[in-house]
1. Starting from residues that are within 14 Å of chain B (Cβ to nearest Cβ), assigned to a helix (DSSP H, G or I) and in contact (Cβ under 8 Å) with a residue 40 or more places away in the chain, keep the ones in segment A:299-335 and report whichever is nearest to the chain's Cα centre (by Cα).
2. Buried (at least 16 other Cβ atoms within 10 Å of the Cβ), among the β-branched types (Val, Ile, Thr) and closer than 29 Å to B:Ala118 by Cβ: which single residue out of B:Ile149, B:Ile132 fits that description?
3. Among the helices (runs of 4 or more DSSP H) confined wholly to segment A:3-68, which include 3 or more residues that are within 14 Å of chain B (Cβ to nearest Cβ)?
4. Residues of segment B:86-118 being surrounded by fewer than 16 Cβ atoms within 10 Å (Cβ to Cβ), without any contact (Cβ under 8 Å) to a residue 60 or more places away in the chain and not in a helix (DSSP H, G or I), which ones?
5. How many residues does segment A:55-81 hold that are hydrophobic (A, V, I, L, M, F, W, C) and surrounded by 20 or more Cβ atoms within 10 Å (Cβ to Cβ)?
6. Kindly evaluate A:Ser230 against the criterion of being over 18 Å from the mean Cα position of the chain (by Cα), modelled with pLDDT under 95 and either under 26 Å from A:Phe104 (Cβ atoms) or within 10 Å of chain B (Cβ to nearest Cβ) (or both).
7. Only one of these is assigned by TED's automatic domain parsing to the domain that holds B:Pro220 and in contact with a Phe, Trp or Tyr (Cβ under 7 Å, 6 or more places away or on another chain): B:Pro150, B:Pro55, B:Pro145. Name it.
8. Identify the residue in segment A:270-292 that is among the β-branched types (Val, Ile, Thr) and more than 8 Å from every other protein chain (Cβ to nearest Cβ) and, among all such residues, is surrounded by the fewest Cβ atoms within 10 Å (Cβ to Cβ).
Amino acid sequence: MSGPSTYQPKTGVTRWLDSRLPIIRFTHDHVLTFPTPRNLNVWYTFGAILAFFLGLQIATGIVLAMHYTPDAERAFDSIEHIMRDVNSGWLIRYLHSNGASMFFLAVYIHMFRGLYYGSYKAPRELLWILGVLLYTLMILTAFLGYTLPWGQMSFWAATVITSLFSALPGIGEPIVQWLWGGFGVDSPTLNRFFSLHYLLPFVLVGLVVLHIWALHVPGNNNPLGIDVKSPRDTVPFHPYYTVKDFFYLTCFLILFAYFVFFAPEALSSPENSEHANPIVTPPEIVPEWYFLPFYTVLRSIPDKLTGVIALFAALGTLFFVPWLDLSKVRSARFRPVYKQFFWIFVADCLILGYVGANPVDATLLNTSIPLVWIGRIATLYYFAFFLVIMPLVGKLERPNPLPDSIANSVLSNAPHRTESAT
Amino acid sequence: MIAAVKRLACALVIVAAASVPALTQEAAPEPPAASAVPPASPPSAPAVEIETLPPRSGNFTFEGPFGTFDRAALQRGFQVYKDVCAACHSLQYIAFRHLAEEGGPSLSEDQVRALAVAYRVPAGPNEQGQTIDANGQPLMRPATPADHIPPPFPNEQAARASNNGALPPDLSLIVKARLGGADYLYSILTGYGQQPPAGVTVGSGRFYNPYFRGGQIAMPPPLNPDSVTYADGTMATVEQEARDVVTFLSWAADPKMEERKRTGFSVMIFLLVLASLLYFSYQRVWYGRH
């Protein structure tokens with residue numbers, strides 16, 4: 001996609017470096033001049049926002065690890081030590097805990113954008129799969145990290161989630177004990193969770209490199225979903241998308257700062273301000289908001305093993321999306337039928353989240369409709385969207401005509417403006 | 001699944017949320033959500049259900065993005081904690097020195113030192129390596145500002161033994177650890193003395209308090225008029241004492257609140273200015289290109 005390099009080393013030192021380790025050329029080609037479709041909208045800035053948050057989580061996490069003690073007796077105290085006695089410890093911790101929520105908010109927007117514009121379709125299947133892999137590792141990392149403060153919800157979330165494996169016939173119990181490092185969630189569990197929680201973000205970084213590599217081979221998809229055909233369709237990444245990404249990142253940071261400074265505990269459970277207690281179960285065990293849709297899928301199915309399978313299938317299905325969508329057209333802009341199912345799917349995920357946030361025996365608002373049935377219908381739609389609607393609509397739908405090029409489509413909207421392609 | 005089982009168990013004796021009218025209905029008719037959960041048939045012998053009231057709003061000065069603690073209330077609240085609550089409740093994450101920190105009760109260094117020496121804390125081993133004296137009692141020394149406020153009971157067992165089997169929770173994080181936070185605590189402290197609904201028998205060693213989940217709390221009414229004598233001459237009504245101690249405990253749970261909000265204010269201004277500059281740069285760079 002990037003075409004022949006236009007980098008010209010100007011000094012002796014850069015020429016020397018360029019013939020040995022062309023790192024400046026690489027940066028020049030992939031950050032500065034990288035040809036990017038000129039019509040990317042705000043939803044395409046979330047990649048940069050995600051990169052920022054991965055960096056922020058790693059930076060704040062490393063500092064937190066300097067003051068944290070992964071021991072069942074002392075973990076909770078060490079968090080309070082960070083909150084009360086470490087200089088700006090409260091800031092670092094709130095950046096990290098709320099950063100996780102923002103990270104997930106951004107990744108969900110990023111994924112929905114990919115689903116809407118068909119960014120997973122050839123030749124970007126691997127790009128999508130790497131993305132789903134990144135998301136899976138994010139889930140795992142967030143789950144491990146949530147255990148570390150060793151509050152009541154930390155402890156019980158760890159217990160419930162690891163116990164899911166006990167649904168496996170025969171090998172379930174040994175697997176759970178192997179995960180725990182004992183016969184219950186305790187110091188050995190906490191210690192290994194801490195170790196893995198520190199490791200996985202660096203695996204994420206490696207996968208992000210692959211993700212961007214896989215992006216830079218075919219180049220960006222775009223809201224029209226049509227290929228770049230001439231240089232008129234693109235602009236160099238810098239300054240066009242650097243400035244755009246920075247602007248929207250800053251807007252997103254305003255939301256982030258609101259949570260960090262004015263509502264730092266709004267997204268966490270009061271239960272987690274109580275020390276973990278293996279003999280007192282909290283009245284409700286509710287996961288963090290970003291896991292609620294999956295939690296509903298799990299709870300919707302009356303059989304435990306089937307529920308666990310459905311939970312993993314809900315995630316696993318995402319890997320096959322490139323081959324489930326049979327449409328020849330990428331962008332939902334030109335797919336009148338798929339577009340409607342897509343927005344129902346977005347609503348469906350929100351409904352799944354809403355159901356998950358409520359007790360199992362709750363009813364819908366002031367009615368007597370049991371939420372569990374709403375959760376079941378929503379679960380059904382979740383799977384039907386990928387397994388039935390995507391292939392069928394892709395086959396049967398008659399898409400609207402596509403524009404012939406990005407440049408014509410974009411620039412025809414503003415004919416009065418000076419046109420100068422790069 | 002554990003959640004579900006536990007919930008159903010709880011549902012037999014208590015009612016969880018208060019505002020939903022559907023609460024008065026019989027047990028939910030829907031099938032169970034998870035296999036582990038038995039069908040929710042009507043409870044066989046339900047205790048009389050007491051509706052839990054939602055917390056009353058305390059309208060505290062520290063609410064909202066610009067709220068700060070009332071310094072005098074913090075100091076009075078500490079006095080209430082020290083003279084009343086501390087008889088049963090520990091405050092393990094608060095050291096005497098914290099009381100002198102900015103954003104808190106802001107006692108002077110001298111006041112903190114004078115306060116600390118009145119407490120005795122376990123001493124380290126002496127020159128002979130002993131930690132107990134000739135009578136087998138632990139060696140003690142006067143506390144210093146660096147020491148944490150000593151707990152009223154040496155351990156959980158002792159605390160339960162003195163409190164009718166109930167465990168008075170540590171209060172350092174109580175405001176964060178309860179749904180409703182400061183308002184909840186304020187409601188509990190001022191929620192005693194009401195007539196239980198007809199048909200409700202309050203258990204022995206329990207007290208009716210409609211803001212407490214289940215309505216029956218093990219803590220006796222902790223505050224009385226003139227439980228403390230305020231140095232600043234404020235009338236020590238139950239209402240006043242409750243507001244003061246809730247203010248103090250809100251600080252104890254979130255001692256960096258004022259610093260946090262102050263920092264947040266600067267950060268917001270910075271981000272808004274940066275966002276506007278970036279917006280204009282963005283428009284400038286893209287002029288004519290989209």
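The values are calculated or read from the model by the stated rules, or taken from the named source; none is laboratory data. Keep in mind that what you see is a predicted model, and the values were worked out from it rather than measured. Every residue, glycine as well, gets a Cβ built from its backbone with ideal geometry; the counts of neighbours run over all protein chains shown.
1. A:Leu311
2. B:Ile149
3. A:46-67
4. B:Ser106, B:Ser108, B:Ala118
5. Residues in segment A:55-81 being hydrophobic (A, V, I, L, M, F, W, C) and surrounded by 20 or more Cβ atoms within 10 Å (Cβ to Cβ): 4 in total.
6. Answer is no for this residue.
7. B:Pro55
8. Looking at residues that are among the β-branched types (Val, Ile, Thr) and more than 8 Å from every other protein chain (Cβ to nearest Cβ), I get A:Ile279.
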